[in-house]
Structures are given as C-alpha cells and as structure tokens.
Ligand SMILES: [Zn+2]
C-alpha cells in the first residue's frame, strides 16, 4: 500500500528523523513538512534538507507559509525565504502555506489575515507551486478571496472540516480535499458524509501532526505514521478496495504537489 502524509509539522520535534523512520517502517513513503511562520518555515527547510540526506529513498518536501495566526509577520521575509529555498535547495519546496483564514481564534485581525492570504495566493501562482489552505469558521471569505484572486491550479484545502455544501463548493473549483484524523472521530458525522461523497481522485490524507491524532490515539501527540489510520478510515467509509484507493490517493498527492 502506498501512503503519503501530505501535511505534518516537525519544527518542534527533537528527533524528527525517528518519526520519519517509524513512519517509513509502517509503509509511509512521502511527507510534506509544513511551516507556519518565518522561523518555523526556516527550520522546516533545514529539517527537510537533513531528512532528504538521511532518507534518500523517501519523498520528503517542505512547504513555506504564514499561518493566519502569524499573518501579522512580515510577508516580505517569507517571500525571500521561498525564493532562496527554490534557488539553493532544489527539489525541496513544493507548496506555499499553510495560509488562509482563521476566524475561530482570530489571533490576527481579519483584514491582516486576508492581506497575507492574498499575497500567498499570488506567490503560489507566480512560482507555479501548490497552495495549502487553512480555513476555520471562514468558508465564505475563503471562497470569495480565492475566487477574486484566482486560485492556483493546485489548491489544497488542508484538514478539511466542512460538510456536503463546502465539499461541493471545493469540488466545483477543482480543489483537492485533504482529510486529517478528525475524520476518524466518532462525532464527525457531517465530515464522514463528505468523505463518502468526495471522489477518491479529489482527495488526499494528512496527519497535521503533532496535532489531531486520529482514533485510536486521540488526545496523544500525533506523528506522521498515523496517516495510516486516516487512510484506513477513508477506505472503511467508502467501502472501497484498500490498495486501489491507496494508490489513487498517493498519485493524487504526487500530482497536486507537481511531483509527477
Ligand atoms: Zn498544519
């Protein structure tokens, strides 16, 4: 079975290589490691370079961005980091993000979040990179801004938590839907319905580790190997062939990050 964790954070891990090793032992072959601020993005690029050296047989890439919580940081520094990374770390960077809107926490003013989001959409398009979108309690504005700005060809709705309506809006725009451990939670009825309805060729899976550990590890620190639990749940919900689904989802991930 081919498995790709399309979204994990390793910047706070003391021994990221151990987590990658354990994931690989369990069959996870690909990883996109995500930054959320200048500091965590810089660290992510460093970690990924090291991991690529340690595990040449695995597909390990980075994503750089300003999370809506960190949207008040200077975007110019992020843009500079992106351009430097593309120049000096070939095959390292595959996406801009995570970026987007979080009106649940509102750690930054919405106007500041919107401005940072717009700039990241533009940068992704300019550099032909995928865009990783975080959205919480902000669906209307997320769609509005992506429509106004023109969404990048490869746009991922990371940690999708919507229902059927949001799913329809995403699919209409050709976005890729990324399911996290939340889909394994018992009370995620609407989300599970969306997973059943979402065509397999439009979805990918992620851990968002160290956050959001799936069942049966809920409440514990998460790690990339647990992406298997997310995949298993999708297969169970869709009542589909596991190998076939895994291969399709793996290929979707490679395609959305321009790896094939
Ligand atoms: Zn994340």
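Nothing in this text is a laboratory measurement; each read-out follows from the coordinates by a stated rule. Predicted model, so just to flag it, every value in this text is computed and none were measured. Virtual Cβ from ideal backbone geometry, glycine too; neighbours counted across all protein chains shown.
Quick notes on this structure:
- Figure legend. Inter-residue proximity from the stretch 124-144: first residues assigned to a loop (DSSP other than H, G, I, E, B), second residues surrounded by fewer than 23 Cβ atoms within 10 Å (Cβ to Cβ), beta-carbon distance below 6 Å, spacing 6+ or different chains. Indicated pairs: 137/103; 137/104; 138/103.
- Residue that is surrounded by the fewest Cβ atoms within 10 Å (Cβ to Cβ), among those in the stretch 218-241 that are over 15 Å from residue 20 (Cβ atoms), in contact (Cβ under 8 Å) with a residue 24 or more places away in the chain and under 20 Å from the mean Cα position of the chain (by Cα): 218
- Residue 108 meets each of the listed conditions (1) more than 14 Å from the ligand (Cβ to nearest atom); (2) more than 23 Å from residue 258 (Cα to Cα); (3) surrounded by fewer than 15 Cβ atoms within 10 Å (Cβ to Cβ) apart from (3).
- Test: residue 98 is within 16 Å of the ligand (Cβ to nearest atom) and in contact with a strand residue (DSSP E or B) (Cβ under 9 Å, 6 or more places away or on another chain): yes
- Restricting attention to the stretch 128-137 and to residues that are within 15 Å of residue 256 (Cβ to Cβ) and crowded, with 16+ Cβ neighbours inside 10 Å, the residue that is nearest to the ligand (Cβ to nearest atom) turns out to be 132.
- Scanning the stretch 46-62 for residues that are more than 16 Å from the ligand (Cβ to nearest atom), touching a residue at least 24 places away in the same chain (Cβ under 8 Å) and more than 30 Å from residue 243 (Cα to Cα) yields 49, 50.
- Entry remark, the stretch 202-243: residues being in a helix (DSSP H, G or I) and within 16 Å of the ligand (Cβ to nearest atom) number 4 in total.
- Test: residue in the stretch 159-182 that is part of a helix (DSSP H, G or I), within 16 Å of the ligand (Cβ to nearest atom) and surrounded by fewer than 23 Cβ atoms within 10 Å (Cβ to Cβ): yes
- Of all residues in the stretch 145-158, those being outside any helix (DSSP H, G or I) and either without any contact (Cβ under 8 Å) to a residue 60 or more places away in the chain or within 16 Å of the ligand (Cβ to nearest atom) (or both) number 8.
- Qualifying positions in the stretch 50-107 - assigned to a strand (DSSP E or B) and within 13 Å of residue 123 (Cβ to Cβ): 63, 64, 93, 95, 96, 97, 99
- Total residues in the stretch 5-33, condition in a strand (DSSP E or B), surrounded by 20 or more Cβ atoms within 10 Å (Cβ to Cβ) and away from the ligand (no atom under 16 Å from the Cβ): 2
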